[in-house]
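Peer 1: Please find one structure pasted underneath; my questions will follow.
What follows draws every value from the coordinates through simple rules; no lab data is involved. Bear in mind that the values here come from a model prediction, so they are computed numbers and not experimental data. Every residue, glycine among them, receives a Cβ derived from its backbone with ideal geometry; neighbour counts consider all protein chains shown.
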Amino acid sequence: MNIVVAMKEIPDIQQIRIRNRKPVTDDVPRTLGNIDKNALEAAVQIKEKTDSQVIVVGVGSSEVEDTFKEALAAGGDEARLVVWDGELESSQSAQLLAALITKIDSVGLILFGEGSGDNYSSQVGSRVAQILGLPQVGYVNRIEIEGSTARVTRSLEDCEQDLEVALPAVIMVSSDINTARIPSVTQILKAGKKPKEVLAANELGVAIPAAQVETISNLAPEMERRQISVKTISDLVKALADEGFGGGR
Amino acid sequence: MAGTLIFSENPALVLELATAALEMDSGPVYALVINNGPQAEKLSNHGLAVLSVDEPGMSSFDTAGCAQAVAQTAGQKDLSMVLLSSDRRGKELAGRVAEAMHAGCLTDVKGFSLEGGQLAFTRNSLGGATLATQAIKTPAQVVAVSPRAFAPIAPTATGSIEAVKINVPASAVKLVETRSKAGDTVDLQAAERLVVVGQGVEDQSDLALVEQVAQALKAEIGCSKPVATDKKWYPEERIIGLSGKICKPALALILGVSGQVQFTVGVREAQVIVSVNNDENAFMNKIADYVLVADLKEALPELVRQLG
């Protein structure tokens, strides 16, 4: 079977600077979301047990081919990518990804991270499942494949659910499902030779819906704090008491 | 806008959603309850207009079926606004409901305002570095509201229950077992005071001292993500930040956290923030009210002694 892993090209969040409360993303390198890497690792581990192929799909900037090299180095067998320069919201990404996935044969599993590294809105996996009419399970920290069924564990705030899902299915994993491997230099070099298909959005034959969400502003919150420097523990304990946070059991 | 449908499996969050819905003032408000007679009764007794689905063929753990139930009920009642809880259940549901309703959707919404006559919602963006104000432009809107962003609605005597019939296809998901996360079911978002352990606490043996500090301050203990996921000193339920809990305590005593934005988003709405860190340039110090530059190895025993 083919295991599809959908990953998002995002600006490297650690390198975004704030100027006049505005995020500066120019010249910030593109990378892949951390939880997306856990989804890829989950796919590679399943592949090692089930004789599957791991196909990585994504939408991104003109640098998308470069960004996704890391995914091929970390165990993806093949990449199918769409170039889209400009903002894309969840509903639009979902349509593009669903169109990409529809072109892949014998898809058993479609894996996402529980949320992207930048927006973390956690919509795209659920939207793709609805578009493709497939069952879904989110917040998964265990996946075992048994024939045409996936046995998974969904971790919620108050409980864990062991579930059986008929394949094909969309599974969104949590970061605690595994520790994603870091590819070696040799693997990165070899990744350049793995098959890649890079399409323009209009080659996919799908109409991209108009944006459904309008961003009115996007500013760093003002965080004015007193930054009072205290020199000793007793000063700190006194400051806490003055604020109404006394100790004492 | 014809009205609002609210849904969460957690009755406490339903009452918060009811407050949000009333404040948005978008017409009549209905609360959907799926296969849970006692909860329908309870919410109606609290004053809510409950739409009750009783469909033995569907189950709450099947997101596809739940999304159909929400979308079909909203369609039948001509309700264009759907409010869900932005806990894990609600967030997983949100995208699917939105796609089924051809609706724009926002999750992790913390509040709203009126901008030029339209509802504008606030949520964290860019990993928590920014606060985005966004409006949904489709006729139908799906909004997942963060827990504790709104107070629970006060009880009234106007409740009702109406049965709703929906048509849900057979589920492709089967439940094998549910295990409650017993043993550590702390509700950090409800805690008035938090003590937060970061990587600056270097030895696991020092956690006993942290525990004593927390006890003395009557605080709950949270941690930064690496302390739970890499060091595994605490369960992930205690992670504070973007991929953990977003908290609004009266006091946050932060022990050895450098203060990356993915963390600070989880405490920056605390009334008072104290940062103890051996690095005087730690970003955490810049968003703290009180800063003590100290080695935690030495500071913790002294803090225990003086608070005790």
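Peer 1: Helix B:88-100 against the longest principal axis of chain B: what's the angle in degrees, Cα atoms only, rounded to the nearest 10?
Peer 2: 40
Peer 1: When the chain is fully extended, how far beyond the present Cα-Cα distance does B:Arg305 get from B:Gln204, taking 0.36 nm per residue of separation?
Peer 2: Full-extension gain reported as 34.4 nm.
Peer 1: Right, something else. Given the -39500 (n - 2.57) contribution per DSSP H run of 4+ residues, what per-residue ellipticity at 222 nm results for chain B, rounded to the nearest 500 deg cm²/dmol?
Peer 2: -8000 deg cm²/dmol
Peer 1: Also: Could you tell me what a quarter of the Cα convex hull surface of the range B:15-106 works out to, in nm² with one decimal place?
Peer 2: Quarter of the Cα hull surface area: 5.8 nm².
Peer 1: Nearest 10 degrees, 0 to 90: what angle lies between the long axis of helix B:207-217 and the longest principal axis of chain B (Cα atoms)?
Peer 2: That works out to roughly 70 degrees.
Peer 1: Sticking with this one: Would you mind estimating how fast the range A:2-218 diffuses translationally, via Stokes-Einstein at 25 °C and 0.890 mPa s with the Kirkwood radius over Cα pairs, in µm²/s?
Peer 2: 139
Peer 1: Another question about this same structure. Give the distance, in whole Å, between the Cα centre of the range B:40-69 and the Cα centre of the range A:71-99.
Peer 2: If we compute the Cα centre of each part, the gap is 35 Å.
Peer 1: Below 10 angstrom from the Cβ of B:Glu92, what's the summed charge of the other residues (Lys, Arg +1; Asp, Glu -1)? Don't skip to the answer; put the middle values down first.
Peer 2: On the way: positive: A:Arg154, B:Arg88, B:Arg89, B:Lys91, B:Arg96; negative: A:Glu114, B:Asp87.
Within the 10 Å Cβ shell, the charges total +3.
Peer 1: Any idea which of A:Thr232, A:Ser122, A:Pro11 is furthest toward the positive side of the dipole for chain A, if Lys and Arg beta-carbons carry +1 and Asp and Glu beta-carbons -1?
Peer 2: Selected residue: A:Thr232.
Peer 1: To test your reading of the geometry: what angle, between 0 and 90 degrees and rounded to tens, separates the Cα axis of helix B:63-76 from the longest principal axis of chain B?
Peer 2: Roughly 50 degrees, rounded to the nearest 10.
Peer 1: Around A:Leu219, what is the net charge, scoring Lys/Arg as +1 and Asp/Glu as -1 over all other residues with Cβ under 13 Å from its Cβ? Let's see the in-between values first.
Peer 2: Details: positive: A:Arg19, A:Arg21, A:Lys22, B:Arg123; negative: A:Glu222.
My count for the surroundings of A:Leu219 gives +3.
Peer 1: A further question follows. In percent, what relative contact order does the range A:46-132 have, based on Cα pairs under 8 Å that are 6 or more apart in sequence? Display every interim value, and only then the final one.
Peer 2: Values: 82 pairs, mean separation 23.3, N = 87.
Answer for the range A:46-132 is 27 percent.
Peer 1: Counting pairs of alpha carbon atoms under 8 Å apart in space and at least six apart in sequence, what relative contact order in percent does chain B give?
Peer 2: So the answer I get is 15 percent.
Peer 1: Find how many whole Å separate the alpha carbon centroid of the range B:169-234 from the alpha carbon centroid of the range A:185-249.
Peer 2: 20
Peer 1: Moving on to the next point. Based on a Kirkwood Rh over C-alpha pairs, give the Stokes-Einstein translational diffusion coefficient of chain B at 10 °C and viscosity 1.306 mPa s in µm²/s.
Peer 2: The estimated diffusion coefficient comes to 75 µm²/s.
Peer 1: What nm value, rounded to one decimal, do you get for the distance between B:Asp78 and A:Gln14 when each label is placed 7 Å out toward the C-beta?
Peer 2: With each label point 7 Å from Cα toward Cβ, the separation is 5.5 nm.
Peer 1: Find the centroid of the Cα atoms in the range B:145-164 and in the range B:235-308, then give the distance between the two in whole Å.
Peer 2: Spelled out, the Cα-based centre of one part sits 35 Å from the other.
Peer 1: Where in the range B:131-234 are there trypsin sites (Lys or Arg not before Pro) that are in a DSSP coil and have at most 10 other Cβ atoms within 10 angstrom of their Cβ?
Peer 2: Passing both the DSSP loop test and the Cβ count: B:Lys165.
Peer 1: State, as an integer percentage, the relative contact order of chain A based on alpha-carbon contacts under 8 Å between residues 6 or more apart.
Peer 2: 24
Peer 1: When Lys and Arg each count +1 and Asp and Glu each count -1, what net charge do the other residues less than 12 Å away from A:Ala39, Cβ to Cβ, add up to? Don't skip to the end; give the middle numbers.
Peer 2: Working: positive: A:Lys8, A:Lys37; negative: A:Asp36, A:Glu41, A:Glu114.
Cβ neighbours under 12 Å give a net charge of -1.
Peer 1: To the nearest 20 debye, what is the magnitude of the charge dipole of chain B about its Cα centre, counting +1 on the Cβ of each Lys and Arg and -1 on the Cβ of each Asp and Glu?
Peer 2: Values: 26 positive and 34 negative charges, 81 e Å.
The dipole of chain B has a size of about 380 debye.
Peer 1: Loop only by DSSP, 16 or fewer other Cβ within 10 Å of the Cβ. Give me the GluC sites (Glu not before Pro) in the range A:75-111 that pass, ordered by residue number.
Peer 2: Hits after loop and neighbour filter: A:Glu87.
Peer 1: Kindly work out what percent of the DSSP beta bridges joining two residues of chain A are antiparallel, to the nearest 5.
Peer 2: Values: 19 of 47 bridges.
Percent antiparallel among DSSP bridges in chain A is about 40.
Peer 1: Across the protein assembly as shown, what fraction of all alpha-carbon pairs, as a whole percent, falls in each successive 20 Å bin from zero upward?
Peer 2: Result, from short to long distances: 21, 53, 25, 1 percent.
Peer 1: Report Rg(Cα)/(2.2 N^0.38 Å) for the range B:4-164, keeping two decimals.
Peer 2: Values: Rg = 14.7 Å, N = 161, 2.2 N^0.38 = 15.2 Å.
Relative to the rule-of-thumb radius for its length, the range B:4-164 sits at 0.97.
Peer 1: Let me have the 222 nm mean residue ellipticity of chain A computed from DSSP H runs of 4+ only, each contributing -39500 (n - 2.57), with the sum over all residues rounded to the nearest 500.
Peer 2: My calculation for chain A gives -7500 deg cm²/dmol from helical runs alone.
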